[in-house]
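Just below is one structure, and these are the notes that go with it.
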Amino acid sequence: MRVLGIDPGTSVLGYGVVENQFGQQFKLLECGVLSTRPRDPLPTRLRVLYEGVTTLLTRLRPESLAVESAFYGRNVRTAVVLSHARGVILLAGELSGVEVTEYSPALIKKTIVGRGAALKPQVAYMVAQLLRLKSPPAPEDAADGVAVALTHLMITTRRALLDRHAASPA
């Protein structure tokens, strides 16, 4: 299974594409960021994100798109703007026909590090360990996108194993 994981943002969107064949190690295929100019109007920035995600989906052909869900911070304006970015990302996934799944920041951290309150450097370190990389993906937003993709693969792999075990005769 090939998964495109996205850490949404209106200035910098991190992404990572991770693949695994059932029973094999995870493999990082690509990671990076999509950037917009902070001074551009929001509709222009959203178009850049939509077109960028659509291009990634077309070029990389993932079976699933995993997106970090919105978190609620103190700054309401930031949360609303981030929700716009998430909306165009979800729309790009839906229109491309891939399965779209959302994961909370706490679930991603818990899945990757083992604690829902892990810090970004801890997540990046564990991403490198899980993928057997010499150093974490850079920049930090790309590592976060990879963590989202890994979370989806780890959760779906566990679910498939549990389903197979439940279906096997005792």
Say we look at the range 1-46 and pick out the residues that are in a loop (DSSP other than H, G, I, E, B) and charged (D, E, K, R); which of these is nearest to residue 128 (Cα to Cα)?
37
If residue 138 satisfies all but one of (1) within 17 Å of residue 29 (Cβ to Cβ); (2) assigned to a helix (DSSP H, G or I); (3) of a type outside the set (Phe, Trp, Tyr), what's the number of the condition it fails?
(2)
Cβ-Cβ below 8 Å, separation at least six or inter-chain, first residue in the range 79-104 and under 14 Å from residue 58 (Cα atoms), second among the aliphatic types (A, V, I, L, M) and assigned to a helix (DSSP H, G or I): which pairs?
89/49; 89/53; 92/53; 92/57; 93/53; 93/57; 96/57; 98/57
Looking only at the range 110-143, which residues are loosely packed, with under 15 Cβ neighbours inside 10 Å, more than 17 Å from residue 32 (Cβ to Cβ) and in contact (Cβ under 8 Å) with a residue 60 or more places away in the chain?
132
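Quick one: is residue 54 in a helix (DSSP H, G or I), loosely packed, with under 12 Cβ neighbours inside 10 Å, at negative phi and among the polar types (S, T, N, Q)? Lay out the reasoning, then the answer.
Details: in a helix (DSSP H, G or I): yes; loosely packed, with under 12 Cβ neighbours inside 10 Å: no; at negative phi: yes; among the polar types (S, T, N, Q): yes.
For residue 54, the condition - in a helix (DSSP H, G or I), loosely packed, with under 12 Cβ neighbours inside 10 Å, at negative phi and among the polar types (S, T, N, Q) - is not met.
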Given the residues 97, 114, which is the only one that is out of contact with any helix residue (DSSP H, G or I) (no Cβ under 7 Å at 6 or more places or on another chain) and closer than 29 Å to residue 43 by Cβ?
97
Condition test on residue 146, is it in contact with a helix residue (DSSP H, G or I) (Cβ under 6 Å, 6 or more places away or on another chain), crowded, with 23+ Cβ neighbours inside 10 Å and closer than 22 Å to residue 21 by Cα?
yes
Between residues in the range 45-62 that are touching a residue at least 60 places away in the same chain (Cβ under 8 Å) and residues that are part of a loop (DSSP other than H, G, I, E, B), which pairs lie under 8 Å by C-beta distance while being six or more apart or on different chains?
62/98
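Could you check, for the range 93-104, whether at least one of its residues is assigned to a helix (DSSP H, G or I), in contact with a Phe, Trp or Tyr (Cβ under 6 Å, 6 or more places away or on another chain) and either of a type in the set (A, V, I, L, M, F, W, C) or over 15 Å from residue 12 (Cα atoms) (or both)?
Applying the first criterion (assigned to a helix (DSSP H, G or I)) to the range 93-104 yields 93-96.
Now narrow it down to the ones that are in contact with a Phe, Trp or Tyr (Cβ under 6 Å, 6 or more places away or on another chain): none.
No, the range 93-104 contains no residue that is assigned to a helix (DSSP H, G or I), in contact with a Phe, Trp or Tyr (Cβ under 6 Å, 6 or more places away or on another chain) and either of a type in the set (A, V, I, L, M, F, W, C) or over 15 Å from residue 12 (Cα atoms) (or both).
Quick note: the coordinates plus some simple rules give every number you see, no bench work behind them. Computed from a prediction, not measured in an experiment: that's the story for all the values here. Because the Cβ atoms are built from the backbone with ideal geometry, glycine has one as well, and the counts that use them run over all protein chains shown.
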